[in-house]
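**Student:** Sharing a structure here in C-alpha cells format.
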Amino acid sequence: MLALAAARLGFKTHIYSDETESCAFNVATAKTRAHYDDERALGEFAAACNLVTFEFENVPDGTARYLADRVPVAPDPRALSVAQDRFVEKSFIAGLGIATAPFRNVASETDAAEAFRALGGPAVLKTRRLGYDGKGQIVVRSAEEAARAYAEHRGVPAILEKFVDFAFEASIVAARGRDGGFVAYDPPKNEHENHIMRRSTVPAPLTGNTAQGAVAIARRIAEALDYVGVLGVELFIGKDGEIAVNEIAPRVHNSGHWTIEACVVSQFEQHIRAVAGWPLGDAGRHSDAVMENIIGAEVEDWLALAGHEAGLHIYGKRVVRPGRKMGHITKLSPLSP
C-alpha cells in the first residue's frame, strides 16, 4: 500500500524483504530478497535508493543503522530501537509524563513473582522483544503463575504489565514532517478478537477533550523521537475518558487503513509525503468508516467479499494461516452530524 501510494506521487520503489514472496514485490519497481544481516545486499540496496523507509517494526535496528550510514533513512532508526523493546518503550513513554499500564522489568522467575506482588493482578507477562498480535504474552493471576509464565518463556527477557480497566481501545495515526509539521487522523475505536485487530470504526465514542488529549500525546511522542513519517499510538480509553498508552508503532498502522477510502490523503500517501520532505496532506475525513480485517481462511470467500458495497483490499499473500491478516474491507457512510 505504501508502494502504491508512492507510485501515485511519481516515485519508484525498491522493496527489500527477507520473505520469499513479499506481496509488495508485486507492485514495486525493483526488489531485493535477502536477509536483514546480509551487508553486501544491504550495501547494493542503499546504493540503488535515494531514501529508505520501513513499514515493519521488527526490522532489526542494526539493519536500519547500517543503511542510515549510507543513505537517508526515515523514521530515524532510534524509533525502531524504542518500539522493539517493550520495557524500553514503556520507560520512554512514562518518562514523557504519559500514563501507561503499571509495569515492571522481569529477568527471572523471582522477578516475575515479585513484580506481580508489587503490581497486583490480573497482569500479563510479555516478552520484551518480538511478539505481534498477542504472541509472546501470557495472562497471570498470581505470583506463582507469573513465575511459571516466565519459565515458559525459557528465560527470555520479559515485562509484567498490570491489566488496565478500560472502556475500549483507540488509536492515533499521525504524521510528522521533516519541518516539524504535524497532522493527525480522527481516532478510531479498535476491536480485537484473539489478540488480533478485527475492526476499526470512526468516529470513536470520544469527547472532544479526550480526542484532543490523545492527539497531544501522539504529538509529544513524535517530537521526543524527532520522528519523520506516520506513527501509530495505541491507547486504552478509561470509563471517565482517561488515556493510557499501550504501545507505539513506528510505521503506518492497521487502524489507519480506513483512510484510503475515507480521506483525500491516506496514511500511506501521508507517510510518503513526510519521508520525502513534501508538505503533509489534509488528514480530514469526508466519510464515517468501518474497516474490518479479512483474517485467515475468510479470504477464500473473496467472491462474496467483492460483492459488498465497500472498498476491498486483498494483499496477495499466498499462504493462508489462521490469524493471518489477508486483506481488509472498508465500508463508508455519511459523516455523523
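**Student:** Scan segment 210-219 for residues that are among the small types (Gly, Ala, Ser) and either open to solvent by 30 Å² or more (accessible area, probe 1.4 Å) or in contact with a helix residue (DSSP H, G or I) (Cβ under 6 Å, 6 or more places away or on another chain) (or both) and jot them down. Working first, answer last.
**Tutor:** Pass one, segment 210-219, residues among the small types (Gly, Ala, Ser): 211, 213-214, 216, 218.
Correct list: Ala216 only.
**Student:** Among the residues of segment 232-255, which ones are of a type in the set (Gly, Ala, Ser), touching a residue at least 40 places away in the same chain (Cβ under 8 Å) and assigned to a loop (DSSP other than H, G, I, E, B)?
**Tutor:** Answer for segment 232-255, where residues must be of a type in the set (Gly, Ala, Ser), touching a residue at least 40 places away in the same chain (Cβ under 8 Å) and assigned to a loop (DSSP other than H, G, I, E, B): just Gly238.
**Student:** Here's a follow-up. Select from segment 23-54 the residues that are in contact with a strand residue (DSSP E or B) (Cβ under 6 Å, 6 or more places away or on another chain) and part of a loop (DSSP other than H, G, I, E, B) and list them in ascending order.
**Tutor:** Result: Ala28, Cys49.
**Student:** Another question, if that's okay. Could you say whether any residue in segment 128-148 is hydroxyl-bearing (Ser, Thr, Tyr), in contact with a helix residue (DSSP H, G or I) (Cβ under 6 Å, 6 or more places away or on another chain), open to solvent by 10 Å² or more (accessible area, probe 1.4 Å) and without any contact (Cβ under 8 Å) to a residue 40 or more places away in the chain?
**Tutor:** The answer is no; no qualifying residue exists.
**Student:** Among (1) open to solvent by less than 10 Å² (accessible area, probe 1.4 Å); (2) part of a loop (DSSP other than H, G, I, E, B); (3) small (Gly, Ala, Ser), where does Ala222 come up short?
**Tutor:** Only one criterion in (1) open to solvent by less than 10 Å² (accessible area, probe 1.4 Å); (2) part of a loop (DSSP other than H, G, I, E, B); (3) small (Gly, Ala, Ser) is unmet by Ala222, namely (2).
**Student:** Checking Ala283 against (1) in a loop (DSSP other than H, G, I, E, B); (2) of a type outside the set (Val, Ile, Thr); (3) farther than 14 Å from Ala184 by Cα, only one condition comes out false. Which one?
**Tutor:** Failed condition: (3).
**Student:** Are any residues in segment 114-169 more than 22 Å from the chain's Cα centre (by Cα), within 17 Å of Thr100 (Cβ to Cβ) and of a type in the set (A, V, I, L, M, F, W, C), and if so, which ones?
**Tutor:** Listed by number, the residues that qualify are Ala115, Ala118, Leu119, Ala123.
**Student:** Collect the residues in segment 291-337 that are basic (Lys, Arg) and either outside any loop (DSSP other than H, G, I, E, B) or more than 24 Å from Phe25 (Cα to Cα) (or both), keeping them in residue-number order.
**Tutor:** Result: Lys325, Lys331.
**Student:** Looking only at segment 261-278, count every residue that is assigned to a helix (DSSP H, G or I) and either surrounded by fewer than 21 Cβ atoms within 10 Å (Cβ to Cβ) or among the charged types (D, E, K, R) (or both) and tell me the total.
**Tutor:** 4
**Student:** Among all residue pairs at least 6 apart or on different chains, which show Cβ distances below 7 Å where the first residue, located in segment 217-231, is at positive phi and the second is outside any loop (DSSP other than H, G, I, E, B)?
**Tutor:** As it stands, the answer is Gly229/Ala175; Gly229/His271; Gly229/Ala274; Gly229/Val275, since those pairs meet every condition given.
**Student:** Kindly indicate whether any position in segment 197-209 is part of a loop (DSSP other than H, G, I, E, B), of a type in the set (A, V, I, L, M, F, W, C), in contact (Cβ under 8 Å) with a residue 24 or more places away in the chain and surrounded by 18 or more Cβ atoms within 10 Å (Cβ to Cβ). Write out each step before concluding.
**Tutor:** So the first thing to find is which residues in segment 197-209 are part of a loop (DSSP other than H, G, I, E, B), and the list is 203-207.
This time we only want the ones that are of a type in the set (A, V, I, L, M, F, W, C), so: 204, 206.
Those still in the list that are in contact (Cβ under 8 Å) with a residue 24 or more places away in the chain too: 204, 206.
Still in the list and also surrounded by 18 or more Cβ atoms within 10 Å (Cβ to Cβ): 204, 206.
Looking through segment 197-209, at least one residue is part of a loop (DSSP other than H, G, I, E, B), of a type in the set (A, V, I, L, M, F, W, C), in contact (Cβ under 8 Å) with a residue 24 or more places away in the chain and surrounded by 18 or more Cβ atoms within 10 Å (Cβ to Cβ).
**Student:** Just checking, which of Asp85, Asp69 is under 22 Å from Leu225 (Cα atoms) and either open to solvent by less than 50 Å² (accessible area, probe 1.4 Å) or in contact with a Ser or Thr (Cβ under 7 Å, 6 or more places away or on another chain) (or both)?
**Tutor:** Working: Asp69 fails: either open to solvent by less than 50 Å² (accessible area, probe 1.4 Å) or in contact with a Ser or Thr (Cβ under 7 Å, 6 or more places away or on another chain) (or both).
Testing whether each residue is under 22 Å from Leu225 (Cα atoms) and either open to solvent by less than 50 Å² (accessible area, probe 1.4 Å) or in contact with a Ser or Thr (Cβ under 7 Å, 6 or more places away or on another chain) (or both) leaves just Asp85.
**Student:** Taking the options Ile98, Ile93, name whichever one is closer than 17 Å to Ala249 by Cβ, open to solvent by less than 50 Å² (accessible area, probe 1.4 Å), of a type outside the set (Phe, Trp, Tyr) and assigned to a helix (DSSP H, G or I).
**Tutor:** Ile93
The values are calculated or read from the model by the stated rules, or taken from the named source; none is laboratory data. These numbers come from a predicted model, not from an experiment. Here the Cβ is made from the backbone with ideal geometry for all residues, glycine too, and neighbour counts use every protein chain on show. Accessible surface areas use protein heavy atoms only, side chains included; no ligands, DNA or RNA. Shrake-Rupley method; radii C 1.70, N 1.55, O 1.52, S 1.80 Å.
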